[in-house]
1. Test residue 106 against the stated conditions and say whether it is within 18 Å of residue 33 (Cα to Cα) and without any contact (Cβ under 8 Å) to a residue 40 or more places away in the chain.
2. If we keep just the residues of segment 127-151 that are without any contact (Cβ under 8 Å) to a residue 24 or more places away in the chain and either part of a helix (DSSP H, G or I) or among the hydroxyl-bearing types (Ser, Thr, Tyr) (or both), which is farthest from residue 99 (Cα to Cα)?
3. For segment 39-55, how many residues meet the condition of being crowded, with 22+ Cβ neighbours inside 10 Å and farther than 12 Å from residue 151 by Cβ?
4. For a quick check of your reading: which helices (runs of 4 or more DSSP H) sit entirely within segment 29-126 and have at least 3 residues that are over 12 Å from the mean Cα position of the chain (by Cα) and closer than 26 Å to residue 161 by Cβ?
5. Does residue 102 fit the bill of being surrounded by 14 or more Cβ atoms within 10 Å (Cβ to Cβ) and of a type in the set (Val, Ile, Thr)?
Amino acid sequence: MGAEITEEGTFREVQKAKTISEAEQRASRLKHKLESRSIHNKIFEYCKAELLVENYFHSVFEATKSIADRLRKMTGLYADGNALVEITFSTTNPLIKINNLITETDRSEHIGLCNLIKGIFGLIRNPTAHQPKIKFEITEEEALDILNTISFIHKRLDKVL
């Protein structure tokens, strides 16, 4: 048996998918929910297999890794985690700029994106990398929220100078 979240936000017991087409139908439902949120295509690129089987734990893990992978591709750096983000978004010599860094508001926005990415790494990527799945349960609704936040980060990276 498995579980799913109803439209009302409550859990109900359901049979696990027995066929590929049944799993695809369920994944299609999740994909539709993600598409209705205008999720960035990088989410689907990095998490397609995990989304197909509604594996929320690994979906959000792969999505968080997509941010680091993208930053490495954009900067040519080999660093990881906070070091990658801090070097990339340095305010003195940034490798990626989301604005001209002229005003205090510009700097605040730039630092804010840096902090948001570091927050996602600390809150989601690190626990999913170091804890067993049974100790870090993620519901469909939580996965949608996390994936939406990661999508926002990718959309901001689309607009860098």
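We did not get these values from a lab; they are worked out from the coordinates using the rules stated. Note that the coordinates shown come from a computational prediction; the quantities given were computed from them, not determined experimentally. Here the Cβ positions follow ideal geometry from the backbone for every residue, glycine too, while neighbour counts run over all protein chains shown.
1. no
2. Here the residue is 134.
3. Final tally of qualifying residues: 1.
4. Hits in segment 29-126: 56-75, 81-88, 104-120.
5. no
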